[in-house]
Amino acid sequence: MKKKLKQNTSSLLLAVIVFIAGTSKLHSQSIEDFPSFGSYLAEETHLKKCDFDKEANAVILFDIGKSYYNDQHNLVTERRTRLKILNAKGLEYADVAIPYYKKDNFEFISNINAITTNFDEAGKAYTAKLSGRNVYDKKVNDLYSEMRFSMPEAKAGSIIEYKYVSTKNHYGGLEDWYFQTHIPTLKSAYYLVLLPNSEFAYRVFKSPALPITIDKSENSGSIYFEMKNIAGLHDEPFMDSRTNNLQHVTFQLAAFIRSNDKTKYFNSWNNVASQLLKDPDYGGQLNKNLSGTDELITKTKALHAAIDKVKAIYEFVQKRIGWNGITSKYTENGIKKAWDKGVGMNGEINLIFLNLLQSAGITAYPLLASDRWHGKVDLDYPFIDQFNKTIAYVEMPNGRPLIIDVSDKNTPIHMMPFSLLNTYGYIVGKKKKGLILLEDKNQYSKNEVILTAVLSSNGVLSGTAGDNSYDYERLERKNFLGKNGKQKFLERYFKAAYTNLAVDSLVIENLDNDSLCLTQHVNFRQTLNTSGDYAFIDCHLFSGIGKNPFTDDIRFSDINFGSPHKYSSNQVISLPGNFTVDAVPQNIKLITPDTAFTLVRRIEIREKQILSQVSFEIRNSYYEVDDYPMLKEFFKKMYDMLDEQIVLKKKSS
């Protein structure tokens, strides 16, 4: 079932556009065909719902952008978005945030103009204009800010429209264009003019069922993209990559021509490594001297075991420098500045880590990586923007390398970051380079429950449960606890899936020892569901199996479980004299033909005790969307069986 990771739901187009020197004019008739600002078509004013996405709360009527250069060769982008709010739930889209790259005054947002238009029963329009004093600039982090505003007088039935101009210092800020969002889009178009003497490559990700218009003009060095009637992309359980499943086009500089000299950029995977190693903000950082590290290097070299050497530097860096929350591939102002400040982007922190590893004689390389939320790497095209971060690839004597993001203080050194599982990375080194699949078949998401309970004569089940969480399940629960506290932890992992249940006395062990399982002890009381003289007991309380995630008839994205999974529940329940066992679910073993999914249930009655064991295992952690029907069928059978309960009968008085 598990296949090569690739783009499944999208067809992929690639072209190289050669831009010829000369003055380019914006003359695309297609862009000019859109209604003028504040002028509406009858079908827009009468629209009540989206025919191809009937559950939508709002719909984008059109989203258009055009990018070009001015006399200073800045990148100028004009953008205009028109959206209709279909019902009260769609009012969230009346709050607008325009992100921009503020550091070093790289980008400016100007000419913000926004209006809300409402219509009376006769169809007469009433327009409210956004006041400039209601636009505010909010800092997001050291790199980005947002221009924020709320559309005036917005309500169900309103058409909201806003436009603005983005001016960036150069074309290095050229961004992808997304035709698709969470809500449906009737029309999305992007018109692009690029600098003379440039060669840019572009890729289009789109569903084969959705047509796209692409109009290139070689003489003016321009290209126009347009898509229509695109349903919103909703989040799906275990979604592999939302970004790659969105319909979009992405760009990358391929070459720049000066006189008769052509400089090529990232035109092959081998070229990616050589270009980055030559880059002073990347490879040039690996040989910098960092203050206060001489003693560390000397002590590390004296250690015998390779893992102890890596741990020494890992712990030193984590104590010495913190992450500012910004994900990056490069360094912004050099690793020495970040080191001296004690804070930096994660790319800087990992380049510092690599610098010190190499200084201590440990074989380690930068590794370009892409978090699942950022997007899936297409192996056929050497686009560096497919990656969003640099981490560390550390070779070990046992042949199993360590994949480490030292800026992540939650993931232990022996575990791969969960957000990277089943993605591709690229090793950047002179002696070792190339694409690798980032997977970990040895670390599971594993949870074991041991439960002992007594049923009272009036149908109240009370007892204790111990949950042992290992590997990625341990990591997930520890992180959730740290962010949300004990009460929300109890609600999520012990109470949410059950009725008439009270849980208290949570005790957690081994929270700070990554080499041991995370143990959670609780006391609980549950009033059993009854029907007449009958009462019902669940066979797998607190197992973590939860509800069926695969109930939708149609699936659009690949399924990425991250790691293999194991769940097991062992229950011993003592019964009072006034209850007898009336019906017991059958012992079963449900297994897929490839043995990737296995459910086992065994129930035994011993005098006045019920002994039940339920285990569930997922061995393969990645499935393509084409496998969804198989998964859906198996999970339906499995959850139908798990919903079967032990039936008790109460004796008549």
Hey, which lysines would be in cross-link range of K488, C-alpha to C-alpha under 17 Å, not counting anything within fewer than 8 residues on its own chain? K478
Using modelled backbone amide H atoms (1.01 Å from N, in-plane), which distant-in-sequence or interchain residues come within less than 5 Å of Y444's amide H? Y472
Once neighbouring chains are kept in place and the probe is 1.4 Å, which whole percent of the accessible area of the chain is contributed by carbon and sulfur? 48
So, relative contact order of the chain in percent, Cα under 8 Å, 6 or more apart, is 11
Multiply the residue gap between F238 and R400 by 0.36 nm, knock off their C-alpha separation, and tell me the result in nm, one decimal place. 55.6 nm
Note on the stretch 478-610: alpha-carbon gyration tensor, axes a ≥ b ≥ c; rule is a/c under 1.5 for rounded, else prolate if a/b larger than b/c, else oblate; result oblate
Could you name the aspartates and glutamates in cross-link range of K431, using Cα to Cα under 13 Å and dropping any fewer than eight places away on the same chain? E395
Extension gain (nm, one decimal) between F635 and D294, 0.36 nm per residue minus Cα-Cα: 117.1 nm
Radius of gyration and Dmax over the Cα atoms of the stretch 158-298, both given in Å: 20.7, 68
Spin-label model distance (nm) - V454 vs S110, 7 Å beyond Cα toward Cβ: 7.9
Which length gain, in nm to one decimal place, applies between T527 and T580 when the Cα-Cα distance is subtracted from 0.36 nm times their residue separation? 17.4 nm
In the stretch 436-479, the trypsin sites (Lys or Arg not before Pro) that sit in a DSSP loop and have at most 11 other Cβ atoms within 10 Å of their own Cβ are K441
What does the net charge come to around V600 if you take all other residues with beta carbon closer than 10 Å to its beta carbon, with K and R at +1 and D and E at -1? +2
Residues of the stretch 135-282: accessible area per residue at 1.4 Å, in Å²? 43
Cβ charges +1 (Lys, Arg) and -1 (Asp, Glu), total dipole of the chain, debye: 980
Past 24 Å, Cα to Cα: identify those pairs from K288/K430; K48/K187; K329/K430; K486/K637; K608/K637; K301/K336, in the order given. K486/K637; K608/K637
What GluC sites (Glu not before Pro) in the stretch 191-246 are in a loop by DSSP, with at most 11 other Cβ atoms within 10 Å of the Cβ? E218
For the stretch 560-641, what are the per-bin percents of Cα-Cα distances with bins 10 Å wide, up to the bin holding the maximum? 15, 41, 24, 14, 5, 0
Given 25 °C and 0.890 mPa s, compute D for the chain with the Stokes-Einstein relation, Rh being the Kirkwood radius over Cα pairs; round to the nearest whole µm²/s. 86
Taking H as built 1.01 Å from N, whose amide H comes closer than 5 Å to the amide H of G221, not counting residues under 5 places away? I20
Please list, ordered by chain and number, the residues whose modelled amide H lies under 5 Å from the amide H of G157; skip anything fewer than 5 residues away on the same chain. I85, L86, N87
Run the dipole for the stretch 525-642 about the Cα centre, Lys and Arg Cβ at +1, Asp and Glu Cβ at -1, nothing else charged, and hand back the magnitude in debye, nearest 20. 460
Quick check on the chain: helices-only [θ] at 222 nm, where DSSP H runs of length 4 and up contribute -39,500 (n - 2.57) each and the sum goes over total residues. Nearest 500, please. -4500 deg cm²/dmol
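The values are calculated or read from the model by the stated rules, or taken from the named source; none is laboratory data. Predicted, not measured: the structure shown is a model, and the values here were computed from it. Don't worry about glycine lacking a Cβ; one is built from the backbone with ideal geometry, like all the others, and counts go over all protein chains shown. Side chains are part of the model used for accessible areas, which takes the heavy atoms of the whole protein and leaves out ligands, DNA and RNA. Shrake-Rupley method; radii C 1.70, N 1.55, O 1.52, S 1.80 Å.
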